[in-house]
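Derivation of every value follows stated rules applied to the coordinates shown; laboratory data play no part. Note that the coordinates shown come from a computational prediction; the quantities given were computed from them, not determined experimentally. Ideal geometry is used to build each Cβ from the backbone, glycine not excepted, and the neighbour counts take in all protein chains shown.
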C-alpha cells in the first residue's frame, strides 16, 4: 500500500511541473489565434463601412497590416504598443493571391501633455515592393526607414493625391467608430518572430510566411485571407 502511495506521489511531482511549464505556451498560442481573429474582425468592419479605404488604393496595395486595439497610454510622456498581422499578395513580386498572415508588432513613443489611455485600431496599406521587403527583413521606423502618410478616406476617393503617389505606406485609424487617415510617423513596425514561430515553426521566417502559400495556417488565417480576396481579388497597378 505504501509503495503504491509513493508511486502516486512521484507521478504527481513529475506531472505537475510539466503542466505548469506547458500552460504559458498554451496561453500564448490562444493569444496568437485571438490576434488573428480580432484582426479579421477589424478588417471586416472597416471594409463594410461606406467611407472606408478607397477601392483603387486597396487594389494597388501589395500588403495590408491590421493592428487591432493598439494601446496608447500617456502621462506627460507616452508610448504606443500593438500586436497585429500582415498579409501580402504572394510571390516574390507580391502580385499573386493573398497569402497567410505573419504576426507583426508596432511600437512607438510620443511626448507632450497627454493624460489618459485609449485603444485604437490601425490599418496600414503597403503600396510597393520596397515597403513590403523592408518590413519583412528588419524593424522599420515609419517615416524614417519607410515613408508613410495618412491615407485618403472614401470608397470613391482618388488615389492620385501627392501623398498617395509618394508614400510607401498609407495608414488609417479607427477609434470610437470614427475612421480616418492618420500619421504613424515615429513608430516602429517589425515581424513578431516569437508568435510566428509558435504558429508556423521555429525554422519559418516572416518572409516565407508572406511569400509562400501555406496550407498549415490556422483556420482563422484562411478566413481573413478569404475576406481580402473578396475585397480585392487581384493586384491592379
Could you work out how far apart the two model spin labels at residue 33 and residue 59 are, taking each label as a point 7 Å from the Cα in the direction of the beta carbon, and quote it in nm?
3.8 nm
The simple spin-label model distance between residue 81 and residue 141, using points 7 Å out along Cα→Cβ, in nm, is 2.2 nm
FRET efficiency for residue 183 and residue 219 from the Cβ-Cβ distance with R0 = 35 Å, rounded to 0.05, comes out at 0.50
Label points 7 Å out from Cα along the Cβ direction at residue 212 and residue 166: separation in nm?
3.9 nm
